[in-house]
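Take a look at the structure below.
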Amino acid sequence: LLDGEGQIVYTAQKLHQKHLGERLPENISSVFLEGRKGIYISQVVKNIHHHQMPQMYISAPVQGFNGLQIGVIVLEIDMSGTINMINDRTGLKDTGETLIGAREGEKAVFINPLRHDSAPSLGKSVKLGADYAFPTQEAVRGNSGSGKSFDYRAEETIAVWSYIPLLRWGVVAKIDQNEAYAPIGKLKSTLFIITLFTVILIIFLSRKISQIIFKPLQQLTGKALHISNNKVWSAEETKNLYEVK
């Protein structure tokens, strides 16, 4: 609980008792200023008192019995569980990931850690208008859509993005094009092998059928030519004419 000057006058956590009489850290000073105007939900920020853990703050004005504003109440929410849930990459294979971004001025700030960035990435940003991370830029602008683009690694990806008005978050789910299209390549190879096998089988069966059908005809033709070349033929030859094997 903050008084009218922004100083901490009460806290429900014993760990914060030592901060009584202090003001909020500079990185969350807007929580008090915006909370004086009405209900305010902050972006995810680092809590400098808790080992840089991600936190979100909700603030609102407090009125006295006379109806006058006497301070601001602030709720501190640990976002570690939410960030871990967002970072769950089940079904996203080797390159897929979900990104949460928020707009700060002319920048899109990443709220959750980036999968392909080994360095701590909470708070990293991309300038609006940059030629990469287009889905994140669109999402924090309040737009939704899908398509191909280059991500923060300059890798070609397929992405879907949307905007959450209440939290002012842009959400992006993406995966590298090479990995996304890999099953199609495997399917093409499988279809090629099946087609090749089918063609070879058809040729083989065609030759066998031809031998079965046309061999007797060839034998008959041969005998007919033999007969036509002889003006007189014996009874045995006449009998053999009809014995086509």
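The values are calculated or read from the model by the stated rules, or taken from the named source; none is laboratory data. A quick note: this is a predicted structure, and the numbers were derived from the prediction, not measured. Quick reminder, even Gly has a Cβ in these numbers, built from the backbone with ideal geometry, and neighbours come from all protein chains shown.
Listed values, structure above:
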| item | result |
| --- | --- |
| Candidates 148, 174, 188 - the one that is of a type in the set (Lys, Arg) and at pLDDT below 85 | 188 |
| Residues of region 62-94 that turn out to be out of contact with any Gly (no Cβ under 6 Å at 6 or more places or on another chain), more than 30 Å from residue 180 (Cα to Cα) and surrounded by fewer than 17 Cβ atoms within 10 Å (Cβ to Cβ), as a count | 11 |
| Elements of type strands (runs of 3 or more DSSP E) contained in region 111-197, each with 2 or more residues being in contact with a strand residue (DSSP E or B) (Cβ under 9 Å, 6 or more places away or on another chain) and buried (at least 17 other Cβ atoms within 10 Å of the Cβ) | 125-127, 156-164, 169-176 |
| Inter-residue pairs, beta-carbon under 7 Å, first more than 21 Å from residue 30 (Cα to Cα) and in region 67-93, second among the acidic types (Asp, Glu), 6+ apart | 89/97; 93/179 |
| Strands (runs of 3 or more DSSP E) lying entirely in region 21-110 (those with 1 or more residues that are among the charged types (D, E, K, R) and within 28 Å of residue 137 (Cβ to Cβ)) | 45-47, 97-104, 107-110 |
